[in-house]
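One structure is given below, encoded as structure tokens.
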Amino acid sequence: MVKPHKPTRANANGIPTIRGVNSVEKFLRAVDHFYQLICPENKPNKCELWFRGVKRTDYNLDPSIARGLGAQAEIVYLSKFRSLAYPYLQETPYFPYSEDRNSYWGWLFMMQHYGVPTRLLDWSREALVALLFAVDPNRTPKEEEVDSAVWLLNPVELNKAFQFYDFLQRGYIPNVTEPAFNAKFGPNVRNENVKAAAAIGPLNNPRIIKQAGTFTVYPKRRIIVPLNQLPDAANYLYKIVITKESRNDIYHQLNHYGLTVSDLFPQLDKVKDEIEREINAENLTSSSSAVFVSRRV
């Protein structure tokens, strides 16, 4: 039996962390360990964890818009995206047509899908999906230098900071289109809240469905505080560190189990990657022959 490394509290906020994970088996045991920490005794279904894989263990849990102009610039990104996206709408099968609050969230999640900065941060309900993102070999030189990690979030505990409805206990995870959620995180809200909330987004593209996607939504503030830097982060965050030396082996393990990056991005531009993977797996070409040639026009 392979035992996971004992959790440590090595960072300033005391976030429980398991280090030295170098196989899928050890990773799953680490996940089980954290489930045992948060689940009520003899009630394994009365708890929930979300997962996010990162290619550097020191990456913060902040949305892409925080690394650019800040959340106050959301209107700029949203306006430019709406204007420039219209010529391609016949190619976008999940376009939100109505001009209301739901349309705002539809646009925001479409922006997230196409890589435009937003105040959304992606999570998954599936641990192995997050692990695959953490060990994806498409890494930058700086990402090669250090270990990867999978963050674990207890969304119920995080949302105990918010009273969305008087008739529900704190910890409810709302859909972004609910009025109670929009009262705190909607497009026109200005408040001093610094904490993100866990929320369910519209299932408006196949990628979210395939990746069992969930989200944390950050408040519209000039300065966004990463979730892992909040003083109470240890109450709802956990971390599993993947050794950099084991990433490629774990990646191939996951491929053998049928989990591939192209499978998580079900769109036409990923079909080429899947064909290449299958040809290599079926040993249909020698190592010296190039079946797929990159061309620049």
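Points worth noting:
- Test result for Pro202, modelled with pLDDT under 90 and open to solvent by less than 40 Å² (accessible area, probe 1.4 Å): yes
- Among (1) open to solvent by less than 20 Å² (accessible area, probe 1.4 Å); (2) free of Cβ contacts under 8 Å to residues at least 24 places away in the same chain, the one test that Pro174 misses: (2)
- Test set (1) within 17 Å of the chain's Cα centre (by Cα); (2) touching a residue at least 40 places away in the same chain (Cβ under 8 Å) - Ile200 fails condition number: (2)
For every residue, the table says whether it meets (1) closer than 19 Å to Ala127 by Cα; (2) of a type in the set (Gly, Ala, Ser); (3) open to solvent by less than 90 Å² (accessible area, probe 1.4 Å).
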{"residue": "Val31", "(1), (2), (3)": "yes, no, yes"}
{"residue": "Phe34", "(1), (2), (3)": "yes, no, yes"}
{"residue": "Ile38", "(1), (2), (3)": "yes, no, yes"}
{"residue": "Asn45", "(1), (2), (3)": "yes, no, no"}
{"residue": "Lys55", "(1), (2), (3)": "yes, no, yes"}
{"residue": "Ile65", "(1), (2), (3)": "no, no, yes"}
{"residue": "Gly68", "(1), (2), (3)": "no, yes, yes"}
{"residue": "Gln72", "(1), (2), (3)": "no, no, no"}
{"residue": "Ser79", "(1), (2), (3)": "no, yes, yes"}
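- Only residues that are assigned to a loop (DSSP other than H, G, I, E, B) and buried (at least 16 other Cβ atoms within 10 Å of the Cβ) were counted across region 159-171, and they come to 3.
- Among all residues of region 106-123, there is none that is open to solvent by less than 10 Å² (accessible area, probe 1.4 Å), of a type in the set (Gly, Ala, Ser) and in a strand (DSSP E or B).
- Whenever a residue of region 215-234 is under 16 Å from Pro16 (Cβ atoms), its partners that are in a helix (DSSP H, G or I) and among the small types (Gly, Ala, Ser), lying with C-beta atoms within less than 9 angstrom and at least six residues away or across chains, give the pairs Leu227/Ala233; Asp232/Ala161.
Results for (1) modelled with pLDDT under 95; (2) in a strand (DSSP E or B), shown as yes or no for each residue.
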site	(1), (2)
His5	yes, no
Ala10	yes, no
Phe27	no, no
Val31	no, no
Leu37	yes, no
Phe51	no, yes
Arg56	no, no
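- Matching residues in region 49-70 - criterion: being over 19 Å from Val225 (Cβ atoms) and out of contact with any helix residue (DSSP H, G or I) (no Cβ under 6 Å at 6 or more places or on another chain): Leu49, Thr57
The values are calculated or read from the model by the stated rules, or taken from the named source; none is laboratory data. What you see is a predicted model, and the numbers here were worked out from it, not measured in a lab. A quick note on method: Cβ atoms are made from the backbone with ideal geometry, for glycine too, and the neighbour counts reach across all protein chains shown. When the accessible area is computed, the model is the full protein with side chains, heavy atoms only, and any ligands, DNA or RNA have been set aside. Shrake-Rupley method; radii C 1.70, N 1.55, O 1.52, S 1.80 Å.
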